[in-house]
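The values are calculated or read from the model by the stated rules, or taken from the named source; none is laboratory data. Because the structure is predicted, anything quoted here is derived from the model rather than measured. Cβ: placed from backbone, ideal geometry, glycine included. Neighbour counts: every protein chain shown.
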Amino acid sequence: MKTLLSSLMIAGTAALLISGCTTPEHGAYLPENATKFNQETTSKFVLMDPGAQKSVTTSGLQEGRTTDGKLQVAANVRNRENRRLQVQVNCDFKDEQGFVIESTPWQTLILTENGQETVRFPAASLQAKNYTIRIREAR
């Protein structure tokens, strides 16, 4: 009886070990959480870190065309705090499919207490159809 019980326990343990040691499937995998944290793809104004999110907002965006037909955008950037802020701002210009074709250099913007400043970005290319203005804490 003991040997039968021992044999069954060994067989059961072996079965568990073998079933737990399967090799993963190979092939192509779909991305997980593809729509999570994609604000830069879908929004025209994004805040890149928690500090900027807490302290900065926009009171308006303006889009237009230059005399030669290039996209030009402006944002009213507002300080939500009662202290002076230093942030950096840039603009990614995108084609009609949403791919970045031009990225402006980061520029420093100083916002006075509860103040507001307008930043403007002209595109260098006629292919620019959309944009995302990005703001982060100064580095």
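Some values worked out for this structure:
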quantity	calculated
Set Ser125, Ser43: member being within 20 Å of the chain's Cα centre (by Cα) and either free of Cβ contacts under 8 Å to residues at least 24 places away in the same chain or surrounded by fewer than 13 Cβ atoms within 10 Å (Cβ to Cβ) (or both)	Ser43
Selected residue (only one of Glu63, Glu96 is modelled with pLDDT of 95 or more and charged (D, E, K, R))	Glu63
Residue under evaluation Arg83, criteria (1) modelled with pLDDT under 95; (2) in a loop (DSSP other than H, G, I, E, B), criterion not met	(1)
Residue tally, condition at positive phi and of a type in the set (S, T, N, Q), over the range 76-109	0
Hits in the range 108-130 - residues which are among the small types (Gly, Ala, Ser) and either part of a strand (DSSP E or B) or over 20 Å from Val87 (Cα atoms) (or both)	Ala123, Ala124, Ser125, Ala128
Lone unmet requirement of (1) modelled with pLDDT under 95; (2) under 30 Å from Ala123 (Cβ atoms); (3) of a type outside the set (S, T, N, Q) for Ala15	(2)
